[in-house]
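Remarks on the structure that follows.
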Amino acid sequence: MRQATLYQYCLPMEAGVILRYQRLKTRDGFLVHMQENGEHGSREGWGEIAPLPEFSHETLEQAKHAATAWLTRWCQNENATDNGPKSSVFLDKWPCAAFGISCALAELQDELPAEASYHKALLCTGDPDDVIRRLGSLDHNRSMSGSKIAKVKVGLYEAVRDGMVANVLLEAVPDLQLRLDANRSWTRAKADGFAKYVNPDYRQRIAFLEEPCKTREDSLNFAREIGIAIAWDESVREAGFKVEAQAGVAAIIIKPTLVGSIARCRQLVADAHQAGLQAVISSSLETSFGLTQLARLARWLTPDTLPGLDTLDLIRLQLIRRWPESDIPCMELDKLASVWSYECP
């Protein structure tokens, strides 16, 4: 017998979380539960389906429709393969649903290792002096080389200010490696303005700057001419993107909720490593439930790279599975509504 259930959640966000053009007040999504009872006993798996407004291809309703269609076929054992129904290609158009279901399947089939690494690149926000104090207390958020790893969002203010802040942090913390994320915010001229205020001696300690310019061509030229490495982020999720070694490119950012299934993520990691690039597993404002699965995925697929998962504090409640050592209150399963269920003998 196979059974599948979708539970819906709505968790309050911390004030001030802005995604592109809107303030995000709640984090909404589904937990998918898959269960199979057979002659060898009962197995189950869980996953999170959480479209991110302004970034995901699908809406919450589209993700629900795609998930229930696939799960119905799975429950009916329709055209079964080792990885579920052959209709799984249908999910390629709906990355959030594909990732959540693939996690549930991987747990059910005992393919997602339980071991996780909860170390993560520190997300730095707020006053630079406070950030420097936080960086000074870091003990375990380090790369394999021993450097402290932190991430700073840039592009929200003037590029010159961003350059000055990055320079201050690099100067104050000598063993710091910075990951910067511009989300394609800058023209080439503004990117150059940013770089002007970063001491050339510090530029090698910018691990990468995610997509600084509005076009890939400008970002590549910036990296080659200025000497600050870049990483592909948005580009990874665009049709026709190919992972390849390019001068000035250091890494690709893999956000599974936006990319798709575990199989797709594994292929991207393999392609990146083949090309000599870092592959960084990163969050898309998942709940604690989803973040703990990403921590397991990162430990499995990218054990030598610190993932970008420092978003737990942006949501006011944890969800069922707690992040270790966090004192944020947790919402349990009995508080969630089941919005769809299917069972087939």
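The values are calculated or read from the model by the stated rules, or taken from the named source; none is laboratory data. Since we're looking at a predicted model, the values are computed, not measured. Heads up, the Cβs are rebuilt from the backbone with ideal geometry, glycines too, and the neighbour counts pull from every protein chain shown. Protein only, heavy atoms only, side chains kept; ligands, DNA and RNA dropped before computing areas. Shrake-Rupley method; radii C 1.70, N 1.55, O 1.52, S 1.80 Å.
When segment 135-153 is examined, which residues are found to be touching a helix residue (DSSP H, G or I) at 6+ places or on another chain (Cβ under 7 Å) and either modelled with pLDDT of 90 or more or in a loop (DSSP other than H, G, I, E, B) (or both)? If the condition is that a residue be touching a helix residue (DSSP H, G or I) at 6+ places or on another chain (Cβ under 7 Å) and either modelled with pLDDT of 90 or more or in a loop (DSSP other than H, G, I, E, B) (or both), then Ala150, Val152 are the ones that fit. Flag not set for Ala104, criterion: modelled with pLDDT under 95, on the phi < 0 side of the Ramachandran plot and of a type outside the set (Ser, Thr, Tyr). Within segment 78-93, none of the residues are part of a helix (DSSP H, G or I), modelled with pLDDT of 95 or more and closer than 30 Å to Gly38 by Cα. Considering the conditions (1) assigned to a strand (DSSP E or B); (2) farther than 23 Å from Pro256 by Cβ; (3) among the hydrophobic types (A, V, I, L, M, F, W, C), Leu156 is excluded by exactly one of them, (1). Taking each residue of segment 102-122 that is outside any helix (DSSP H, G or I) and open to solvent by 10 Å² or more (accessible area, probe 1.4 Å) and looking for partners that are among the hydroxyl-bearing types (Ser, Thr, Tyr) and at pLDDT 95 or above with beta-carbon atoms closer than 7 Å, six or more apart or interchain, yields Ala116/Thr292. Quick one: in segment 157-190, of everything that is more than 14 Å from Leu135 (Cα to Cα), in contact (Cβ under 8 Å) with a residue 40 or more places away in the chain and surrounded by fewer than 19 Cβ atoms within 10 Å (Cβ to Cβ), which residue is farthest from the chain's Cα centre (by Cα)? Looking at the filtered set, the residue picked out is Arg184.
Only helices (runs of 4 or more DSSP H) whose full extent lies in segment 210-325 are considered here, and the ones with at least 1 residues that are open to solvent by less than 30 Å² (accessible area, probe 1.4 Å) and touching a residue at least 40 places away in the same chain (Cβ under 8 Å) are 256-259, 262-274, 288-301. Looking across Glu61, Glu36, Glu54, one residue alone is assigned to a loop (DSSP other than H, G, I, E, B) and open to solvent by 10 Å² or more (accessible area, probe 1.4 Å). It is Glu54.
Inside segment 187-209, can you point out the residues that are more than 26 Å from Val173 (Cα to Cα) and either touching a His at 6+ places or on another chain (Cβ under 6 Å) or outside any helix (DSSP H, G or I) (or both)?
Thr187, the sole residue that qualifies.
If the condition is being open to solvent by 50 Å² or more (accessible area, probe 1.4 Å) and not in a strand (DSSP E or B), then segment 326-338 contributes Asp327, Pro329, Glu332, Leu333, Asp334, Lys335. For segment 17-28, the criterion of being crowded, with 20+ Cβ neighbours inside 10 Å and either aromatic (Phe, Trp, Tyr) or at pLDDT 95 or above (or both) is satisfied by at least one residue. Residues in segment 44-64 that are modelled with pLDDT of 95 or more and either more than 21 Å from the chain's Cα centre (by Cα) or among the acidic types (Asp, Glu) (or both): 3 in all. Of everything listed in (1) hydroxyl-bearing (Ser, Thr, Tyr); (2) open to solvent by 30 Å² or more (accessible area, probe 1.4 Å); (3) touching a strand residue (DSSP E or B) at 6+ places or on another chain (Cβ under 8 Å); (4) over 22 Å from Glu54 (Cα atoms), the single unmet condition for Tyr197 is (3). Which count do you get for residues in segment 40-51 that are open to solvent by 30 Å² or more (accessible area, probe 1.4 Å) and farther than 21 Å from Arg73 by Cα? Total satisfying the criteria: 2.
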